[in-house]
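The values are calculated or read from the model by the stated rules, or taken from the named source; none is laboratory data. These numbers were taken from a predicted model, which means no experiment stands behind them. Here the Cβ positions follow ideal geometry from the backbone for every residue, glycine too, while neighbour counts run over all protein chains shown. Ligands, DNA and RNA are excluded from the accessible area calculation, which covers all protein heavy atoms including side chains. Shrake-Rupley method; radii C 1.70, N 1.55, O 1.52, S 1.80 Å.
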Amino acid sequence: GAGVSQSPRYKVAKRGQDVALRCDPISGHVSLFWYQQALGQGPEFLTYFQNEAQLDKSGLPSDRFFAERPEGSVSTLKIQRTQQEDSAVYLCASSLRTGNSGNTIYFGEGSWLTVV
Amino acid sequence: GNSVTQMEGPVTLSEEAFLTINCTYTATGYPSLFWYVQYPGEGLQLLLKATKADDKGSNKGFEATYRKETTSFHLEKGSVQVSDSAVYFCALIFYNFNKFYFGSGTKLNVKP
């Protein structure tokens, strides 16, 4: 597609509910990233994929957070038993390849999660 | 550790005023530096970047110079427009690493 697409754009979840956030990266992009952006803060790294391999998940805040990219394209970020502190914008980003800071990383518009 | 510090906002300017948004960083190596912009309701967009010391990134009238001696990457624009109103994020990334470290963002309001 033309850009990184995320869905849903907005999600309200009751505390304890499971949610799944979807990311469609730009076609052909090898690298895919998830970031969490709390209100009034900068994005913070969650996890990174190269194709289907999850190479870094050091930013996932707890074992309630799980991400996958089974076929090396679409990715899903799943949050189990949501808590109020999970309320944030979840940003997905992709780039053509990794290992080169000259590559442009493209961000999606984000999925806004509110846990009530 | 690695971190980015930006001046707190909001910054409110009149149209055609000069803009500076300060950004300093702490890094354990030699990162590349970026400015991203986020317009209301939109995703982050790359504004400019610099990959080594003394490089100047520029785009749409914005400029920033990678200053290793002062560990800074201040964003400047000579004459802002109302359409520049947005949140600006300074960020760093290391070659062959895959995570950005972002500052907390600086909101810019430009009044006509």
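Some notes on this structure:
- Residue match in the range A:6-16 (condition: closer than 23 Å to B:L46 by Cα and among the small types (G, A, S)): yes
- Answer residue from the range A:18-43, given it is farther than 21 Å from B:A91 by Cβ and touching a Lys or Arg at 6+ places or on another chain (Cβ under 8 Å) and is farthest from the other protein chains (Cβ to nearest Cβ) among those: A:D18
- Residue pairs whose Cβ atoms lie under 6 Å apart, separated by 6 or more positions or on different chains, with the first residue in the range B:97-108 and more than 7 Å from chain A (Cβ to nearest Cβ) and the second crowded, with 21+ Cβ neighbours inside 10 Å and hydrophobic (A, V, I, L, M, F, W, C), are B:Y101/B:V4; B:Y101/B:L92; B:T106/B:I21.
- Residue satisfying all of: in the range A:1-46; among the polar types (S, T, N, Q) and at pLDDT below 95; farthest from A:S75 (Cα to Cα) among these: A:Q41
- Check on A:F33, out of contact with any Phe, Trp or Tyr (no Cβ under 7 Å at 6 or more places or on another chain) and surrounded by 15 or more Cβ atoms within 10 Å (Cβ to Cβ): no
- Residue check, A:Q37 within 11 Å of the chain's Cα centre (by Cα) and in contact (Cβ under 8 Å) with a residue 60 or more places away in the chain: yes
- Scanning the range B:30-45 for residues that are of a type in the set (F, W, Y), more than 19 Å from B:G1 (Cα to Cα) and open to solvent by less than 10 Å² (accessible area, probe 1.4 Å) returns B:W35, B:Y36.
- Residue within the range A:78-91 that is closer than 30 Å to B:K52 by Cβ, within 9 Å of chain B (Cβ to nearest Cβ), open to solvent by less than 60 Å² (accessible area, probe 1.4 Å) and modelled with pLDDT of 95 or more present: yes
- Lone qualifier among A:L55, A:L60, A:L46 - being farther than 23 Å from B:G41 by Cβ, within 11 Å of chain B (Cβ to nearest Cβ) and hydrophobic (A, V, I, L, M, F, W, C): A:L55
- Subset of the range B:46-102 (residues that are at pLDDT 95 or above, buried (at least 20 other Cβ atoms within 10 Å of the Cβ), not acidic (D, E) and not in a strand (DSSP E or B)): B:Y66, B:F73, B:V80
- Any hit, the range B:2-23, residues being in a loop (DSSP other than H, G, I, E, B), among the acidic types (D, E), at pLDDT below 90 and touching a strand residue (DSSP E or B) at 6+ places or on another chain (Cβ under 8 Å): yes
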